[in-house]
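Asker: What follows is a single structure, and I will ask about it in a moment.
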Amino acid sequence: AIYHGRIYACTDNGVYYASQSSPNLANYSAWHFDTSLIYPHLPYTEMEVFNGKLFLNYDGGYQKDTLFVNNGSSWGYFNKQDVEQKQELRAYDDLLIITNLYNVKVFDQSLNEVLNIYNPGGGIQPQSTARDNSGHYWIGDTFRGLIKTTNGWDNSDVKPNGPFSKNVFELQAC
């Protein structure tokens, strides 16, 4: 992520940053360990810039994640009670989309939750979520393939034409 003139990188041992204007980012000495974090030595998996803030997810294991936010001067908690496992953080214009293990939450610029997608035509286990210019959410799901929804209740599953299982060893034309 690029935030306030720095390039940030998540690692299993914390977060590193380098100046955006650094002439040689491949040089290890250009990178600095971020000690300003509340817990600097934790494994961080997701990072996104939204509405002038930097969001950072600590991967604590199954349903033990913590989302931190930097307001430009210090780190704090986004919602300390929310420990859902985060799969992805993504900013789209005026929305922050957080893809969790069993749902997708959408927040406005004031960080109010405006949509919780958890059951579009059945349960979901999303891995990634995108939003198109028409307001449709496209959810890449572990078991259902690609799900298209607008409000979290309407849906259409988009599945590629192919075998049901990876264990198929023969195909025949009919």
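Asker: Take the range 85-117 and flag every residue that is under 19 Å from Lys64 (Cα atoms) and over 12 Å from the mean Cα position of the chain (by Cα).
Answerer: The answer is Tyr102, and nothing else.
Asker: Out of Tyr39, Tyr62, Tyr8, Tyr17, report the one residue that is assigned to a strand (DSSP E or B) and more than 23 Å from Ala130 (Cα to Cα). Full working, then the answer.
Answerer: Working: Tyr39 fails: assigned to a strand (DSSP E or B); Tyr62 fails: assigned to a strand (DSSP E or B); Tyr8 fails: more than 23 Å from Ala130 (Cα to Cα).
The unique qualifying residue is Tyr17.
Asker: Tell me which residues, restricted to the range 55-65, are open to solvent by 40 Å² or more (accessible area, probe 1.4 Å) and not acidic (Asp, Glu).
Answerer: Within the range 55-65, the subset open to solvent by 40 Å² or more (accessible area, probe 1.4 Å) is 58-59, 62-64.
Result: Tyr58, Tyr62, Gln63, Lys64.
Asker: Can Gln125 be described as over 13 Å from the mean Cα position of the chain (by Cα) and surrounded by 14 or more Cβ atoms within 10 Å (Cβ to Cβ)?
Answerer: Numbers: over 13 Å from the mean Cα position of the chain (by Cα): yes; surrounded by 14 or more Cβ atoms within 10 Å (Cβ to Cβ): yes.
Yes.
Asker: Gly52 passes all but one of (1) more than 21 Å from Pro126 (Cα to Cα); (2) under 18 Å from the mean Cα position of the chain (by Cα); (3) open to solvent by 60 Å² or more (accessible area, probe 1.4 Å); (4) modelled with pLDDT of 95 or more; which number fails?
Answerer: So Gly52 meets the others, but not (3).
Asker: Still on this model: Is it fair to say Leu37 is in contact (Cβ under 8 Å) with a residue 24 or more places away in the chain and either surrounded by 18 or more Cβ atoms within 10 Å (Cβ to Cβ) or not aromatic (Phe, Trp, Tyr) (or both)? If you could, list the steps in order and put the result at the bottom.
Answerer: Working: in contact (Cβ under 8 Å) with a residue 24 or more places away in the chain: yes; either surrounded by 18 or more Cβ atoms within 10 Å (Cβ to Cβ) or not aromatic (Phe, Trp, Tyr) (or both): yes.
The answer is yes for Leu37.
The values are calculated or read from the model by the stated rules, or taken from the named source; none is laboratory data. Computed from a prediction, not measured in an experiment: that's the story for all the values here. Cβ: placed from backbone, ideal geometry, glycine included. Neighbour counts: every protein chain shown. These accessible areas exclude ligands, DNA and RNA; they are computed on the full protein's heavy atoms, side chains included. Shrake-Rupley method; radii C 1.70, N 1.55, O 1.52, S 1.80 Å.
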